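The values are calculated or read from the model by the stated rules, or taken from the named source; none is laboratory data. Since we're looking at a predicted model, the values are computed, not measured. Neighbour counts are summed over all protein chains in view; Cβ atoms, including those assigned to glycine, are modelled from backbone coordinates with ideal geometry. We work out accessible area using only protein heavy atoms, side chains counted, and drop any ligands, DNA or RNA first. Shrake-Rupley method; radii C 1.70, N 1.55, O 1.52, S 1.80 Å.
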Amino acid sequence: MKNPPTLELNPSELFLNRELSLLEFNRRVLAQALDETVPLLERLKFLCISSSNLDEFFEIRVAGLQQLAEINPNQRGADGQTPAESLVAIGTRAHALVQEQYRVFNEVLIPALEKEKIRFVRRSEWTPEQDAWLRNYFQNELAPVLSPIGLDPAHPFPRILNKSLNFIVSLSGKDAFGRNTAYAIVQAPRALPRLIQLPKGVEGSGPHDFVFLSSVIHAYIDELFPGMEASGCFQFRVTRNSDLALDEAEAEDLLEELEDILAQRQWGDTVRLEVAHNCPERMISYLAEEMQLQPVDIYSCHGPVNLMRLMQVPDLVDRPELKYPAFVARTPKAITGDLFAAIRSKDQLLHHPYESFTPVVEFLRQAARDPNVLAIKQTLYRTGPKSAIVEALIEAARNGKEVTAVVELRARFDEEANIDLAEQLQDVGAHVVYGVVGYKTHAKMCLIVRREEAGLKHYAHLGTGNYHPRTARMYTDYGLFTADKQICQDVHAVFLQLTSLGKVTKLHKLLQSPFTMAKGFHTRIEREIDNAGKGKPARVILKMNSLVEPEIIQALYRASQAGVQIDCIVRGMCSLRPGVKGLSDNITVRSIVGRFLEHHRVFSFLNDGAAEVWLSSADWMERNLFRRVEVAFPVEDKKIRARILEELSGYLADTAQSWILQPDGNYVRPEKIEGKAIQLKILEETP
């Protein structure tokens, strides 16, 4: 590997801050809520997604930086910033983002929704009939499950569940025991709906009128404190560190260890306090002191403290014209019927969500029912509830197949679901392993062993995304079916390594993290550099979710300096600075944000005219390249390779949904926006 660029640049000039880059992605998501070409209820969804993304950002990213600031305050990231410096920059950017979220909600979306007779009815607007209906609702549905806690020495401040809805209430007067209680806390159980739809029969109510749970509790809070006066009631929400602290090396049984610590996620260290914008400063200070938070950690909310709860509105409103047009994912004719025969004839590619995920499920179902199939090996990272994939594996095990499932128990926020599916598979006799200690198994692989006339035959499916039928309808991903002997041998070798914990074996065609993937991609970048040095055309096209690993970014800088044209399509985090004179003049970075979440990872190298295309589940991040089990697989079928390259060209030509990364880390829309968005184009053109 050659030396880094010789330009005299400090780290902050070489690399963008990864956390700020992630906040920039969230800003692009929020911008979709302002885009009037997007159907109105979908715009509301984008607002909700931006809120949910920000929750996870604080639970994981900010929480991790806060811990690092305590443990190793002088450690600097690739961009040269200490944890404390990053937190200050994050605070400035995040506060502005939250302010913009509520501006979009109050000033843009609410008026637009009201024009369509979809209303969030404020307390000041309730008719007497609505007031009577809501009071009755409060008394019969809410009050019986609410447990107000007056704060005094016998009733200390309660533990606040992560991301739960709570109220701080200021009280005056004496309670039944003659005590003066200044404050009380009311916690809203998660079983309660955060949005209440007013019945059409209640006078003054339109077809789609909603009231926030917080408004109802606020309106009748006095009824929870008889004989006292509630002089103020203000909603608040606490975000906690949700990254699990698991000592895998010391765990005798990873499943049992995870089950023991999962409950701790709700009670991690506090990271953020969200509170009603009109809450008095003295009450905010009281909450902050109880939560041990600083002013920078407090976020003022001009509306519901959890905007994500609005995600249910589109499901409650039957207005198809305000949503994206429905579409049915197509199933290519080549992979209907006998899938084994189709895959034997040639490699088969699926492009989700434009093409159906059903053939992947059917691949396993046919294997489960085929008497000639002997064994099925499958990785499972995220599968969703009541997964058809898991059901097919259970059926196969019951039918006597040798089923091996590598279940990644540590898939963040899916740990409980994966524990459940692991137990389901174990109950029917499947072999279940949990991957490798210290390395998450993120590779997406399925291998089927079948007895045929010529002997045992292997069939594989490799993907860029999860075996998750629901997200396959929302995320863009590629899935490749192949019976290529060497690729199938490689997949078998990786499964053997995961289950037997054997040594690294040399693979024929696959690149594997944490062993050969980083080196393999570096080698291909260097080859483009050599070709450029010889005066040959040289080009790299990269598509991924995140590009932050410092060494591979420096390799791209060297390639740019050598004259290699590099075009990157990076949905989320990107630490590479494009367009810096003398460093990255030949690099462009764009992000596509649209109806579907861009999720596939594609790596293309011109290779002196003999183009290589690789697909993978791995982003170019340190964790994917060095701390996870991942695979990258070559696309060798000429027609499939040409199809993928054509689609990459479409992404690079897109101006309707693209954002262009500037050297300073900001993203801007193209100067001239024309033509159809690439997602719509593929949706219309998929045969």
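What to note about this one:
- Rg and Dmax of the range 589-687, both derived from C-alpha coordinates alone, stand at 15.3, 42 Å.
- Per-bin percent of Cα-Cα distances, the range 353-424 [10 Å]: 20, 49, 28, 3
- Annotation for Arg669 and Met474: the two label points, set 7 Å from Cα along the Cα-Cβ direction, are 2.5 nm apart.
- Along principal axes, Cα extents of the range 458-583, largest first, whole Å: 48, 35, 25
- Residue-wise HN-Hα coupling along the range 664-670, computed from phi with Karplus coefficients 6.51, -1.76, 1.60 (Hz; x: Gly, Pro): 7, x, 7, 10, 10, 6, x
- Filter on Lys117/Lys323; Lys485/Lys536; Lys163/Lys200; Lys444/Lys543; Lys509/Lys534; Lys333/Lys386 - keep pairs with C-alpha separation over 23 Å: Lys485/Lys536; Lys163/Lys200; Lys509/Lys534; Lys333/Lys386
- For the chain, the longest principal axis of the alpha carbon atoms and the long axis of helix 415-427 meet at an angle near 60°.
- When peptides 462-472, 572-582 are ranked by their average number of other Cβ atoms within 10 Å per residue, the highest-first order is 462-472, 572-582.
- One chain, two ends: His508 and Ser172. Fully extended at 0.36 nm per residue, the span grows by 113.4 nm beyond their Cα-Cα distance.
- For the range 1-142: relative contact order, % (alpha-carbon pairs under 8 angstrom, 6 or more apart): 26 percent
- Ranked from largest to smallest solvent-accessible area, with a 1.4 Å probe on the protein heavy atoms, Lys676, Lys163 come out as Lys676, Lys163.
- For Val403, the residues whose amide H sits under 5 Å from its own are Ile376, His431, ignoring neighbours fewer than 5 places away on the same chain, with H placed 1.01 Å from N.
- For the pair Lys333 and Gln486 in one chain, pulling the backbone fully straight at 0.36 nm per residue adds 52.4 nm over the alpha carbon distance.
- 17 Å cut-off, amide nitrogen to a point 7 angstrom out along Asn372 Cα→Cβ, residues in the range 321-342: 336-342
- 222 nm mean residue ellipticity, helices alone, for the chain (DSSP H n ≥ 4; -39,500 (n - 2.57); rounded to 500): -10000 deg cm²/dmol
- Straight-line cross-link reach from Lys115 at under 15 Å between alpha-carbon atoms covers these aspartates and glutamates, not counting any fewer than eight positions away in the same chain: Glu36, Glu107, Asp209, Glu321.
- Working note: Debye formula, equal point scatterers on the alpha-carbon atoms of the chain, no solvent; log10 I(q)/I(0) at q = 0.06, 0.07, 0.09, 0.11 Å⁻¹ is -0.39, -0.54, -0.88, -1.26.
- Spread of Cα-to-Cα distances over 10 Å intervals beginning at zero, given as percent, for the range 300-345: 19, 23, 18, 18, 15, 7, 0
- Across the range 512-685, C-alpha contacts under 8 Å between residues 6 or more apart give a mean separation that, scaled by the residue count, equals a relative contact order of 24 percent.
- Here the peptides 191-204, 642-655, 377-390 are ranked by packing, the mean other Cβ count within 10 Å, and the order with the highest first is 377-390, 642-655, 191-204.
- Computed packing ranks the peptides 313-321, 427-435 as 427-435, 313-321, most packed first, by mean other Cβ atoms within 10 Å.
- The calculated FRET efficiency for Asn10 paired with Lys639, based on their beta-carbon distance and R0 = 60 Å, is about 0.80.
- Using the Cβ-Cβ distance between Ala610 and Arg398 with R0 set to 41 Å, the FRET efficiency from 1/(1 + (r/R0)^6) comes to roughly 0.30.
- Counting only Cα atoms, the size of the range 339-506 along its three principal axes is 43, 38, 34 Å, in decreasing order.
- The range 511-634: Cα Rg divided by the 2.2 N^0.38 Å rule of thumb: 0.99
- Within the range 55-124: Cβ-based charge dipole about Cα centre, in debye rounded to nearest 20 (Lys, Arg +1; Asp, Glu -1): 440 debye
- For the chain, a crude dipole built from +1 on the beta carbon of Lys and Arg and -1 on the beta carbon of Asp and Glu, taken about the Cα centre, is about 1920 debye to the nearest 20.
- Listed values for the range 624-633 are Karplus-derived 3J(HN,Hα) couplings in whole Hz (6.51 cos²θ - 1.76 cosθ + 1.60, θ = phi - 60°), namely 6, 7, 10, 10, 9, 8, 9, 10, 10, 10, and x replaces Gly and Pro.
- In the chain, Cα pairs under 8 Å separated by at least six residues give a relative contact order of 12 percent.
- Computed from phi, the 3J(HN,Hα) profile of the range 600-610 under the Karplus parametrisation 6.51, -1.76, 1.60 (θ = phi - 60°) reads 6, 10, 10, 10, 10, 10, 4, 6, 6, x, 9 Hz, with x in place of Gly and Pro.
- Between helix 485-500 and the chain there is an angle of about 50 degrees, using the helix long axis and the longest principal axis of the Cα atoms.
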